[in-house]
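Just so it is clear, none of the values below were taken in a lab; they were calculated from the coordinates. Source: prediction; values computed, not measured. Here the Cβ is made from the backbone with ideal geometry for all residues, glycine too, and neighbour counts use every protein chain on show.
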Amino acid sequence: MIPLSLCLTESYPAQRVSLEPDTTWAAFRAEVAGFMDQLPPHADHPILLAVDQPTTFAAALFACLQRGLPAVASTDLQPGTVATLTPQLSAVVTDKPSFETKRPMIRPRSGDPNRHFQPLNGNQTALYLFTSGSSGTRKMIEKKVCQLEAEIATLQKLWGSAAGNRLRLATVSHRHIYGLLFRLLWPLCVGAPFSNRTYFFWEELAAASPPEGAVVVSSPTHLHHLGAAATEPALKPDSLLFSSGGPLAQAAALAVAQNLGQAPIEVYGSTETGGIGYRRRNAGEPEPCWTPFPGIETRQDHGRLSIRSPFLNEPNNWFATDDLVERTKAGGFHLRGRGDRLVKIGEKRVSLNEIEQRLGNHEDLEKVKCLLLGEDRKQLVLAAALKEAAYLRLLQEGPRQQHQRLKRVLQDFLEPALLPKRGRYPRQLPMNSESKTPQYLLERLFAHEAVDASKPETMPIITSTQPTEHGRQFTARVPDQLIYLDGHFPQAAVVAGVVQITWIVRLIQSLTGFPPDISQMEAVKFRNLLKPGEPFTLDLIFDQGRSKWRFKITGESGLISSGRLCLRQT
């Protein structure tokens, strides 16, 4: 293995760095040199790496390191986030076709592949990363070369023999700590090729896996979907599967093990701490404890986990996490949730953790979060992902009934003034590319009115719904009392095309929590009439790679309408 600090100065063990597209070592060095030719000689602020392709991201990062310029990476490149970051930036490196910034923009180009590169100083800043914001405000975390180097060496020590030089395939972004290490820097340092493609569908990832197997870098979000789909193709037998970015439910872990023939290696850590521990769950065995990474010391302080780690900025000091743990005699630990999260509403204190725990086993809910809204942060609200039966009931009864049902669970434990005032109940909670649900995404759920699909004067009557391979199917009927039936054709009452599109938008919001941000519609065709009382099916498929919702409505007369809703690219 080549240390990260010497990666550009020693002979690379493989000719090919990455594929899709293929990149040779000479081409990679040329791309590093091309960025170095364009970077400013000095910078008072970091360079933002808004780069989608992993190989190009690595080239830009190494160019900044060679120049001694600090870099910053963010998984969130929404216009508002970039605008907030802009005063703290010197320039932006991007490979995006369109990217708005008020800072100088640098794009990929080739330079001299034979350029002389210097060894890196282990104490220099490698880059800044942002925390996910799942526990509040996002923070910018400094990562030095020596920290990343130490963690890469640990990954190689633990799994280098099993991983070998197998191709790395990923479903997660390279712009946060887990993806940066596992799908990009670790393979780069050992000469293992990695794919530049981020996979959304398991059958595509399995098809890309070579006969000798692959190292798959995934997350609970993707593994949960895999566990629910028994028809997904298995990975090659010698593959190695990792999961990180959030807790993986026991049922999902065992379903994945059954479908793929192996349980995932779960990695626990954070942007601030780097990796802390790992575990692997098997059917028929009690839930295993987490094993600390080699070189990491752990202790329990007032119920919370504290660590001393070579992956920290101050490796000799103890770092207190917010995670509650129960340590074992053998030195491992079990995670027992987050800290108390005590908040004050009026003159009363309430634990947000306790509310989430009391609702966590409710038969309607897959996952629940509570948070405080309002200028003074005094309004307690709920956001919960519903299970299948509860989601259908929500479509039929409306969100108010669901909210009252959950409030009744809490009213024996909370005073009336402390009960949640509002709720949002999509089929799934929003997640970022790190498989986490940060505070800002939860708050965005409440920026829109909740969809009430139970009103027959404006919405279809949903009789059943079920997930499909990449989307969902609704079985419904056009209500006779629909207020939109009159005025389209004088000779007959029909559901106009604009009403059908409105239904689709609202049902997408019921799934995701947000109304889709549509930039344009493609191939929309209305072939037959949809009439009062007519039963129909609506099929929705989300093409995540192209950011499009595909829809098809089928009625008694055959295909009613079809098309694509294109989401705005950010």
Report the semi-axes of the equivalent ellipsoid for segment 194-291 in whole Å, largest first, where each axis is √(5λ) for an eigenvalue λ of the Cα gyration tensor. 21, 17, 12
Report the normalised scattering of segment 342-445 as log10 I(q)/I(0) at q = 0.19 Å⁻¹, calculated by the Debye formula with identical scatterers on the alpha carbons. -0.97
Can you put 200, 194 in order, fewest other beta carbons within 10 Å first? 200, 194
Rg (Å, one decimal) plus Dmax (Å, integer) for the alpha carbons of segment 4-288? 18.8, 59
Please report 218, 74 as a ranked list, fewest other C-beta atoms within 10 angstrom at the top and most at the bottom. 74, 218
Using Cα pairs closer than 8 Å and at least 6 residues apart in sequence, work out the relative contact order for the chain, in percent. 9 percent
Cleavage-rule hits (trypsin sites (Lys or Arg not before Pro)) in segment 402-440: DSSP loop, at most 16 neighbouring Cβ within 10 angstrom: 421
With a 10 Å Cβ neighbour count serving as the proxy for reagent exposure, in which order, fewest first, do 499, 409, 478 appear? 409, 499, 478
Note to self: C-alpha centroids of segment 504-570 and segment 354-391 sit apart, in Å, by 29 Å
Report the FRET efficiency, 1/(1 + (r/R0)^6), for residue 544 and residue 37, where r is their Cβ-Cβ distance and R0 is 45 Å, rounded to 0.05. 0.80
Along the chain, longest interval not containing exposed GluC sites (Glu not before Pro), exposed being DSSP loop plus at most 12 other Cβ atoms within 10 Å: 101-346
For segment 4-288, what does the relative contact order come out to in percent, with C-alpha contacts under 8 Å and a separation of six or more? 16 percent
What whole number of Å gives the distance from the Cα centroid of segment 267-325 to the Cα centroid of segment 110-173? 19 Å
Filtering trypsin sites (Lys or Arg not before Pro) in segment 452-538 by DSSP loop and by at most 16 other Cβ atoms within 10 Å leaves 527
In nm, give the distance between the simple-model label positions of residue 452 and residue 397, each being 7 Å from the Cα along the Cα-to-Cβ direction. 1.5 nm
So what are the radius of gyration and Dmax for the Cα set of segment 461-567, in Å? 13.6, 43
Taking the convex hull of Cα positions in the chain, its mean projected area over all directions (nm²): 28.6 nm²
